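Undergrad: Quick one: this structure, given as structure tokens, is what I'll be asking you about.
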Amino acid sequence: MGNSNSIKEQFGYRVRRLRLAKGLSQEKLGELCGLDRTYISSIERGHRNVSLENISAIALSLDVNLTQLFRGLKTDENKDILEKWQLTETELTRIVLENPSLRGFMLGYIAEFKVRDFLSRQLHMTGLHKPDDHNRRGGSKNDLIVKYKGREFSFEVKSLQTNSIKHDLETRVYEGRAQVDASDSRQVTFPDGTQLQTTCLLAGRFDILALNLFQFREQWDFAFILNSDLPRSNYRKYTPYQKQHLLATTVKVTFPIRSPYTSDPVELLEKLIKENSI
């Protein structure tokens, strides 16, 4: 497929290829997206203009991010996406603000991009990438992998729940909670081989959690914490053994950042290296 094809045709081809790679029929993808099969078919043939909301639904159903859907797509005129979609910045802003689910979806991926940019500027950090294959059956997906001093470490990126944010004007302290679980229920396997259907993430499936604090002050601040320092689930229906190996679904964080959180991920990476050397 050459660049002479329209952006709609290139996008449709990308959706079809990703759908087939997942082993999904057009009807099944439509069901996952809440869209009709004929709508999916027209997208794949390059005959349909697709709304931002439907693009987000397709990306989520294919378990890919928006970058993977659009990377490498070009128009003959090399127009940016706003120009090609015939949108102004004001119109795009209005669409995002009028659709809270879309806003949250986009902020999540923007946060991943911002974390990657932040980590790439840290001394001696190389090989930073986002895995293409999410380990859904393992109860977690690693958002980022970074190589530091010859070793690979995994990061999970999460965002604040907007309705949880509080600001004490007297102390100037922000407080909020972040959801730290899977987007849907899946089967996880414990070290002893037993299994459980849950939205909780298994402890130890990633090294460091990066919390995006943008919604505190509309600045891209991040709070980093070791997986081992995260609270465990206290859900009463889980056994003590299960609670020991499952992370709590939400965590509390403040700004200014307080221990066990830190704004310096290198500090945590050094700690992990030291622990693994003992």
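Undergrad: What number of residues within the range 144-166 satisfy the criterion of being surrounded by 14 or more Cβ atoms within 10 Å (Cβ to Cβ) and under 13 Å from GLN215 (Cα atoms)?
TA: 6
Undergrad: While we're here: Specify which of the listed residues (LEU196, LEU211) is in a strand (DSSP E or B), touching a residue at least 24 places away in the same chain (Cβ under 8 Å), under 12 Å from LEU160 (Cβ atoms) and aliphatic (A, V, I, L, M).
TA: LEU211
Undergrad: Of everything in the range 254-266, what is free of Cβ contacts under 8 Å to residues at least 40 places away in the same chain and over 20 Å from GLN219 (Cα atoms)? Give them in sequence order.
TA: Answer for the range 254-266, where residues must be free of Cβ contacts under 8 Å to residues at least 40 places away in the same chain and over 20 Å from GLN219 (Cα atoms): SER259, PRO260.
Undergrad: A further question follows. Exactly one of (1) under 23 Å from GLU112 (Cβ atoms); (2) crowded, with 20+ Cβ neighbours inside 10 Å is unmet by GLN219. Its number?
TA: Here GLN219 meets the rest and fails (2).
Undergrad: Report the residue count in the range 223-246 for those that are in a strand (DSSP E or B) and either of a type in the set (Gly, Ala, Ser) or touching a Cys at 6+ places or on another chain (Cβ under 6 Å) (or both).
TA: 2
Undergrad: Could you list, in sequence order, the residues of the range 40-61 that are small (Gly, Ala, Ser) and out of contact with any Gly (no Cβ under 7 Å at 6 or more places or on another chain)?
TA: SER41, SER42, SER51, SER56, ALA59, SER61
Undergrad: Return yes when THR239 is modelled with pLDDT under 95, surrounded by fewer than 18 Cβ atoms within 10 Å (Cβ to Cβ) and among the β-branched types (Val, Ile, Thr) and no when it is not.
TA: Against the criterion (modelled with pLDDT under 95, surrounded by fewer than 18 Cβ atoms within 10 Å (Cβ to Cβ) and among the β-branched types (Val, Ile, Thr)), THR239 does not qualify.
Undergrad: Can you tell me how many residues within the range 18-68 are in a loop (DSSP other than H, G, I, E, B) and among the small types (Gly, Ala, Ser)? If you could, list the steps in order and put the result at the bottom.
TA: Keep residues of the range 18-68 that are in a loop (DSSP other than H, G, I, E, B), which gives 22-25, 34-36, 45-51, 62-65.
Remaining after also requiring among the small types (Gly, Ala, Ser): 23, 25, 34, 46, 51.
So the count comes out to 5.
The values are calculated or read from the model by the stated rules, or taken from the named source; none is laboratory data. These numbers come from a predicted model, not from an experiment. Positions of Cβ are generated from backbone atoms using ideal geometry, with glycine treated the same way; all protein chains shown enter the neighbour counts.
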